[in-house]
Amino acid sequence: MREPVRVSDRDGFDGLAAFAPDGLTLSWTSNATPAGTSQLFIADWDHEAALALLAEQPRRASAGPALPASDPAIRTADLRAHVEALTAEVMEGRLTGTEGERLATDYVARAFAAIGLEPAGDDGFFQSFDFTAGVSLSEDNALTISVDGQAEQLALGETWTPLAFAKTGTAAPAGVVFAGYGIVAPAEGGFDAIDSYGDIDVTDAWVLMWRGLPADLTPEHRTALRPFSDLRYRASVALSRGAAGVIVAPPPRPGFDDVLPRLSYEATSGAATLPVVAVDRAAGMRMLSILLDIDEVMASVEAGMAAPRMLIGVEAEARIGLDFETRTGRNVLGRLSLGDGTAPALAIGAHVDHLGRGETSGSLARGDERGQIHPGADDNASGVAALIEVAEYLADLKTRGRLEGPRDIVFAAWSGEELGLLGASHYVDALQEDLGADGLADALTAYLNMDMVGRLETQLVAGGTGSSPIWAREIERRNAVVGLPIVTNDDPYMPTDATEFYLAGVPILSLFTGAHEDYHRPGDTPDKLNYDGLKEIARFVALIARSRAQSDEEPAYVERARPAGESGGRMAGVFLGTIPDYATEGEVGVPLSGVVKGGPAEEAGLSGGDVLVGLAGHDLANIYDFVRVLNGLRPGETIEAVVERDGGRVTLDVTPRVRE
C-alpha cells in the first residue's frame, strides 16, 4: 500500500485511506464509526476520481481537534483531552453562532457518534435556533454638538459612537443638561438616597452623564449602587424624566480610560426606547466648558452629591443607524435507548458555549485581557467533558448488558447559555410544542446539569435539591461510593440551563464547584482544573443517572418559592416574584418564563407566557424599565399590572411584599 492518508468526517468516521500499488484499489479503515466498531472498506475506484476525493476530504472534514482514543471508563486523561480540545485556539472561545461554536458542537457530535448514541436533534445530532447575535453601525450615523453657536460634527468611531441599545432614527436638536453620574437610588444599607437630577427638569433635553461611579465613595457604597449604575438602567431613568436622549462620557479624573465603549449587543436587553450615545472626554468637557464653576461642580459630583446644571447655549442632535445580525446556534442532542420509549426519559446536560473573545457583555476581562480568547475551561468545557465521559461509560454498560431500565437517557450540550439560556429554552419550548403541553413531566423524569465542575477544592454544590424529595436519598447513596464533599442547596432557581427545566415541571439537580477569579476571563484555562476531582464528579453523575434510568419510580416534583434575599424581580426592599424570560429578544415589554410559587405575582394571576407591559401606571418596554418602576413601589400597596396574554391585554391587581 502507498502511504496512508487520514480521512474523517463530521459524522464520526475517522480512519486511514490508501491506494494499492495498482493505483486502482482504495482501502479505507475506520476505527471510530457511529456504532463504535472497526470497519474495512475496499473498492475499485478510478485513480483520478479517488485522488480528487481525497484532495477534497480535508475541506469536508472538521477543522477541529481529533477525538482522543478514549477508554469506556471515566478517566482523568480522557477528561483532560476533551477539555483541551474544547479550549483549543481554533475554538476561539466557542461564542454561540460563530465558527468556534460550530467546531465545538461538531466535536461533541463526533464524540456522541463514536460512543454509539442515537442522534436526537432536528438535523442528526444538531438542534438549531436563531437569535440576534450582534450589532454594527449603518452608514447613517451623525452627532453634532453646538456650544455657544459653534457647531461641531464628531467623528464616528473616534470621538463618538451610538450604544447598542440606542433607539435608531433622528433625534432633533435639543438642549443639554448635565446630571453628574445620572444615578437615582433609594436610601438603603445605611446610605442616603441619591438623585443626580435634583430639581432640574430634563423634559425634551439631552442628559449628559459620566460613566462609572463617583470616585470618592467607599467600596461598600459603590457595591450598594451597582444595581443602579448600569447604563441601560440609567437611560431608563432618564426616559422616565422625559429626556430626549442620553450622552455618556468618561469622567475627567485620573485612572478612568478615555476609550469609547465597544458596540456590543446584549441578548437580554429588550426593546430600545431612547437615543443613547457615548462621546470621548474632550467632547464631554467641551459641553461643560460653558460652566463658570466647573471645578466646584466636578468636586460635588465625585463626592456623590447632586450637582446638576442646565448647560445654557449647548445643543446636540443625532442620527443613529444600527444593523442587527441574526445568527444560528445549535445544541447537540444524543440518546441512549434503554426502554421502549413510553417512560419519561432522563436528561443530562452541560452548556458548550462560552464568550468568544469577550464580545458579549458577560466578559469580565480587565485591561490588556480585553479582546483575548476566553477559553472557558471550567465554564464550561469541564461540564461537557464530564458529559461525554458519562455518556461513554453508560453506553459501555449497556453494551455489556449491565445497564437495563425502563427509560432512555438524553445527553445534551447546550449552546447560547451565556447569552441567556437560549439553547435550553429553545429545546424546552420545542418539546412542549411537540407534546402540546405546558410542561415536560410526561417527557422527562429529571434533569441533571453540570456547569463549572472543574475546580473542586473544598466542596461540590448540588443545587436544586428542593425540586424533588428524591435527591436527598440519591445523593447520600451514590456519594457513599464516591465520597465527594457535597453541600446541598434547595434553591431550584439558578442562573444556568437547569432552571428552564424546573420551570417546565421537571425535577433538577445542578452541580457546581464554585466561582473563582478567572470566571469569564481569559485566565480560565485547562491547566487550572482539578481533573481528579472532575473524574469523581463524573462518576457521581453516572451513578445517579444509572439509578434513575433503571428506576420505575417517577420522582415527585416540588414547586418552591424563591428563597428570600435572592434575585427574581425585586430590588430596593420590594419582592414581586416574576421570572423574566431572558431567551426572548427584542420584544416590547417583559416576557415572563414563570412566576415564583406563592409570590405576589402568582397570587395576582400572572403566569409564564405573559408579557408584562405596564406596572403602577408606567409603560414597560424592557427589563430596565421594569426594575426602575419596581424600585419606586411600596410593599403592601396594591398596584395594577398590565400583561399581554392570548392576543389581548389583561389588567391584574398585585400587591408587592417587603424583601425579607
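The values are calculated or read from the model by the stated rules, or taken from the named source; none is laboratory data. Nothing here was measured: the structure is a model prediction, and the numbers come from that model. Counting neighbours? That spans all protein chains shown, and the Cβs are built from the backbone with ideal geometry, glycine included. Ligands, DNA and RNA are excluded from the accessible area calculation, which covers all protein heavy atoms including side chains. Shrake-Rupley method; radii C 1.70, N 1.55, O 1.52, S 1.80 Å.
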The answer for trypsin sites (Lys or Arg not before Pro) in segment 248-320 that fall in a DSSP coil and have at most 11 neighbouring Cβ atoms within 10 Å is none
Given a 1.4 Å probe and every protein chain left where it sits, what share in percent of the accessible area of segment 371-500 is carbon and sulfur? 46 percent
Prolate/oblate/rounded label for segment 404-535 (Cα gyration tensor, a/c 1.5): oblate
What are the lysines whose alpha-carbon lies under 18 Å from the alpha-carbon of Lys398, with same-chain residues fewer than 8 places away excluded? none
Starting from the Cα coordinates of segment 169-252, work out the convex hull volume and express it per residue in Å³. 98 Å³
Cα gyration tensor shape for segment 188-322, rounded if a/c is under 1.5, else prolate or oblate: rounded
Which order do Ile537, Ile294 take when ranked by solvent-accessible area (1.4 Å probe, heavy atoms of all protein chains), largest first? Ile294, Ile537
Per residue, how much accessible surface does the chain expose to a 1.4 Å probe? Answer in Å², no decimals. 41 Å²
How large, in percent, is the carbon and sulfur part of the accessible surface of segment 301-342 at a probe radius of 1.4 Å? 47 percent
The correct ranking of Arg75, Arg102 by accessible area at 1.4 Å, largest first, is Arg75, Arg102
From Cα pairs below 8 angstrom and at least 6 apart in sequence, can you work out the relative contact order of segment 247-382, rounded to a whole percent? 20 percent
Percent relative contact order for the chain, counting Cα pairs under 8 Å at least six residues apart, stands at 14 percent
